[in-house]
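Q: Please see the structure below; I have some questions.
Derivation of every value follows stated rules applied to the coordinates shown; laboratory data play no part. Since the model is a prediction, treat every value here as computed from it, not as a measurement. Don't worry about glycine lacking a Cβ; one is built from the backbone with ideal geometry, like all the others, and counts go over all protein chains shown.
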């Protein structure tokens, strides 16, 4: 690691939470002669790159900042460098530097520094609102604030898998959500198709998510995780409120997929360019009845299989009195094969927005999971 990168890392580690960009700018000026440093963060809709300071968002798809964000590679245009601010597959935004150094080695170093910045932002975000506040192009509803705070992230990448998810309408989402975790040998995914309105829906989803996490972290099998969360919801609401959940556990070595369908969203497999819905055994939503027993199903994935989980808000999205429907969904999913999961999710949500000519009125959640095969 070069000395400028080391200095940048030390500056980030020692900086106050709200001054990360200022401290990194000082280092870049001294070591690379950079006079302008700007951080652009992806907004909640994945539709704009918003500056940490200032009010001019980047929305044009062909802009160098978006090309950097989409392709996750440094871009140099008109003497300005654009560097991906990402960590472990979580794309946070773009670091903009002017002038961009001419030496390729310097650009590589700046890319390392941008990655270090992403890690540091993740580390300090719970202690400051500076970065969260700058990510929104308009106010979040209280329910949406609760839902976004509940998420583990928006995307995740490891050698054996890659996944991403998105909530819509991003600034007013109520009950739909997702959760995931991995331990190097397995990845767990929960996709929640919430019910109700406003804060009540968000609170129900929050209870369910925490109950599922508690069960998962206790080492329970997937069916038992569903049963514990089911009981938690029933104990509080006595069957008056319930919600649909799809639970999955993927063995990253073998591709063995375990599924529990509790009134779940749709699970679609994309394999070799062909789309098919996996046949799930429909079971009761969580919280509908007391002491429900859940059963697991098992599937075998092939290397480079892609799974999509979509809630009914996607299928039932309506534009000009026409329903989006399963045919349009399957046709669009086939087109996502070459895309990274986050790009596939973002493209599908964009297609839905275009179809309804604006924001979705009902909650929708889309999650994409790729299994790339066992890794040595």
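Q: Please compute P(r) over all alpha-carbon pairs of region 246-376, binned at 5 Å starting from zero, and give each bin as a whole-number percent.
A: Distribution as computed: 2, 10, 19, 20, 19, 15, 9, 5, 1, 0, 0 percent.
Q: Oh, and also: Measuring from label point to label point, each 7 Å out along Cα→Cβ, what is the residue 67 to residue 203 span in nm?
A: Placing both labels 7 Å beyond Cα along the Cβ direction yields 5.0 nm.
Q: Between the helical axis of 104-124 and the dominant principal axis of the chain, each derived from Cα atoms, what acute angle in degrees is found, rounded to the nearest 10?
A: Long axis of 104-124 versus the principal axis of the chain: about 50 degrees.
Q: If you find the alpha carbon centre of region 187-266 and of region 109-166, how far apart are they in angstrom?
A: Each part reduced to its Cα centre gives a spacing of 23 Å.
Q: Also, quick follow-up: Taking every pair of Cα atoms in region 111-189, average 1/r, invert it to obtain the Kirkwood radius, and report Rg/Rh to two decimals.
A: Rounded to two decimals, Rg over Rh is 0.99.
Q: Could you line up 205, 258, 157 from fewest to most neighbouring Cβ atoms inside 10 Å?
A: Going from least to most buried by this count: 258, 157, 205.
Q: Show that you can apply the helix-only estimate: for the chain, add -39,500 (n - 2.57) for every DSSP H stretch of four or more residues, divide by all residues, and state [θ] at 222 nm to the nearest 500.
A: Computed mean residue ellipticity for the chain: -11000 deg cm²/dmol.
Q: Further question on the same structure: Any chance you could give the angle, 0 to 90 degrees and rounded to 10, that helix 222-237 forms with the longest Cα principal axis of the chain?
A: 80
Q: I would also like to ask the following. Which order results if 257, 286, 278 are arranged by neighbouring Cβ count within 10 Å, fewest first?
A: Placing the least packed residue first, the sequence is 278, 257, 286.
Q: Suppose the Debye formula is applied to equal point scatterers at every Cα of region 3-134; what is log10 I(q)/I(0) at q = 0.11, 0.13, 0.14, 0.19 Å⁻¹?
A: Treating every Cα as an identical point scatterer, log10 I(q)/I(0) equals -0.33, -0.47, -0.55, -1.07.
Q: Follow-up question, since we're still on this one. Shape of region 144-264 from its Cα gyration tensor (a ≥ b ≥ c, root eigenvalues): rounded if a/c is under 1.5, otherwise prolate when a/b > b/c, or oblate?
A: Oblate, since a/c reaches 1.5 and b/c is not below a/b.
Q: Quick check: from the Cα gyration tensor, does region 251-295 come out rounded (a/c under 1.5), prolate or oblate?
A: Oblate, since a/c reaches 1.5 and b/c is not below a/b.
Q: In whole Å, how far is the Cα centre of region 325-376 from that of region 291-322?
A: Each part reduced to its Cα centre gives a spacing of 12 Å.
Q: Where does helix 20-32 land angle-wise versus the long Cα axis of the chain, in degrees 0 to 90, nearest 10?
A: 40
Q: How far is the Cα center of region 1-37 from the Cα center of region 42-69, in Å?
A: A separation of 22 Å, based on Cα centres.
Q: Using label points projected 7 Å from each Cα along Cα→Cβ, tell me how many nm separate residue 60 and residue 47, to one decimal.
A: 1.9
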